[in-house]
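Read-outs throughout are calculated quantities, based only on the coordinates presented, and are distinct from any laboratory measurement. Remember, predicted model here, so these are calculated numbers, not experimental data. A quick note on method: Cβ atoms are made from the backbone with ideal geometry, for glycine too, and the neighbour counts reach across all protein chains shown.
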Amino acid sequence: MIFLRLFLTFLKIGAFTFGGGLAAIALIQNEVVEKQGWLTSQEFADIVATSQITPGPVGINTATYTGYTAIVNAGYSEWLGIVGALIASLSVILVPVILMLIVSRFLMKHKDNPIIAAAMSWLRLVIVGLIAAAALLMVTPDTFGHAGPQLWVSISIFAAVFVVSLKFKVSPILLIVLSGVVGGLVYGVIL
């Protein structure tokens, strides 16, 4: 049954994702597009984009939209799609919530221990790698366009946002709006 598979899939994603929602995107994409085949790459790219512009944590938003879309794509009604969204959302946070309760008690007791401090430093490096992997997974022909002007425009917008955010510390909200405006103008008027 798809509802049980949805629950187990997102329970596994929640159990093995460290570093927040952006780090979860690579795992979610692998599970729902590659392994389960519930979504196409284009649908997943659209879900991630929507998840990033809607309020709330990107990992939970992605799970919610993915759960809904997977159930509807399987031929069930939109009402059962809402059930799928709830199942995916709750199962992706179940293990982290339990672990957070356990780990936070331990860390509060041993926060001054040098071994714990060193382990936390290493985890930060792993999280950066997971976020980079998620970013690289999103660089596909579906999101950046196929060879030609669309690809170069997408790369240019990406590079400009990267440089501006790194060098000038511009608000991410402003960068999102400006990227949307530039993309809309270029793709809507020129391409």
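Just a few scattered comments:
- Magnitude of the charge dipole for the range 2-143, about its Cα centre and with charges confined to Cβ atoms of Lys, Arg (+1) and Asp, Glu (-1), is about 620 debye.
- Asn73 versus Ile53: modelled label distance in nm, points set 7 Å from Cα along the beta carbon direction: 2.0 nm
- Mean separation of Cα contacts under 8 Å (6+ apart) over length of the chain, as relative contact order %: 23 percent
- Under the Debye formula (equal points on every Cα, no solvent term), log10 I(q)/I(0) of the chain at q = 0.09, 0.10, 0.12, 0.16 Å⁻¹: -0.41, -0.50, -0.71, -1.10
- You can think of it this way: the chain between Met108 and Leu166 has 17.5 nm of extra reach, that is 0.36 nm per residue less the Cα-Cα gap.
- Oblate is the label for the range 145-191, because the ratio a/c of its alpha-carbon gyration tensor axes (a ≥ b ≥ c) is 1.5 or higher and a/b is not greater than b/c.
- Cα-based shape type of the range 1-70, given that a ≥ b ≥ c are square roots of the gyration tensor eigenvalues and the cut on a/c is 1.5: oblate
- Applying the criteria of a DSSP loop state and at most 11 other Cβ atoms within 10 Å to the trypsin sites (Lys or Arg not before Pro) of the range 4-109 yields no site.
- For Ala132 and Ser41, the difference between the fully extended length at 0.36 nm per residue and the C-alpha to C-alpha distance is 30.9 nm.
- FRET efficiency for Leu151 and Met120, using Cβ-Cβ distance with R0 set to 35 Å, rounded to 0.05: 0.35
- Once both labels are positioned 7 Å from their Cα atoms along Cα-to-Cβ, the gap between Val83 and Arg5 label points is 1.7 nm.
- In the range 2-143, taking the dipole from charged Cβ atoms about the Cα centre, the farthest positive-side position among Ser77, Ile13, Ile116 is held by Ile116.
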